[in-house]
C-alpha cells in the first residue's frame, strides 16, 4: 500500500501558494488557472507515489516475472518490513491466476559477498492470484538475499528458482545513536578533563 499521508502537507503548501499568488495579482482562479493548479498538484503528488515503496524485478527462465515491493523503502534492523511479491506471466503480461506454492529463503552475506548464511526459511506459502504478502524483521544490518522458489499447485514437482533479490539493511536507530554518541562522549570527556586540569593548575598558582 502507498502511504499518502506525507503527501498532503506538500499539496496544501502548493495550493495555498497558488491561491495567494492569484489573490495578490487580483486574478480569479478560472479556466487555465484551475488547470495549472491541478497540474502542479499532480506533479507534486506523483513523485511521492512512485517512491513510497521500493520495487525490484527478476525474470525466471524467461517465462515469469517476480516483482518485489517493500515498505519502508530503506529497511532497518529490528524494524518490521512489509513485502509484497507479485508473479507475472510474461507471455500474457498478467498476474498468474493459478495458485502458487512458494518457499522463501533469506540469507545474510558476509564480507565480499563470499560467505552466505541462511537465517530464515518458510515453505508451503500460497500465492493467490499471483500475489504473496509477508512481513519480516531483519535482526542484523548488512547485505541480505531473498530467494523465491515457486511451483504451480497443479504441478508441484516442477520448481522454479528465481534469482536473488538483494537488500541492504541499515543499522537500527539505537545502533546509530550509539555510534553517534561515542565520539561525542570522547569529545566531552576531553573538554571536561582539560577544564579540570586548568582549574587545578590555576589553584596551584
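Nothing in this text is a laboratory measurement; each read-out follows from the coordinates by a stated rule. Just so it is clear, the structure is predicted and the values come from calculations on it, not from any experiment.
If you stretched the chain out fully between residue 115 and residue 94, how much longer would it get, using 0.36 nm times the residue separation minus the C-alpha to C-alpha distance?
Fully extending the segment from residue 115 to residue 94 adds 3.9 nm.
In segment 54-174, what is the volume of the convex hull around the alpha carbon atoms, normalised per residue and reported in Å³?
Convex hull of Cα atoms, per residue: 103 Å³.
Translational diffusion coefficient, Stokes-Einstein: compute it for segment 85-149 using the Kirkwood radius over C-alpha pairs as Rh, at 37 °C and 0.692 mPa s, and state it as an integer in µm² s⁻¹.
For these conditions, the coefficient is 246 µm²/s.
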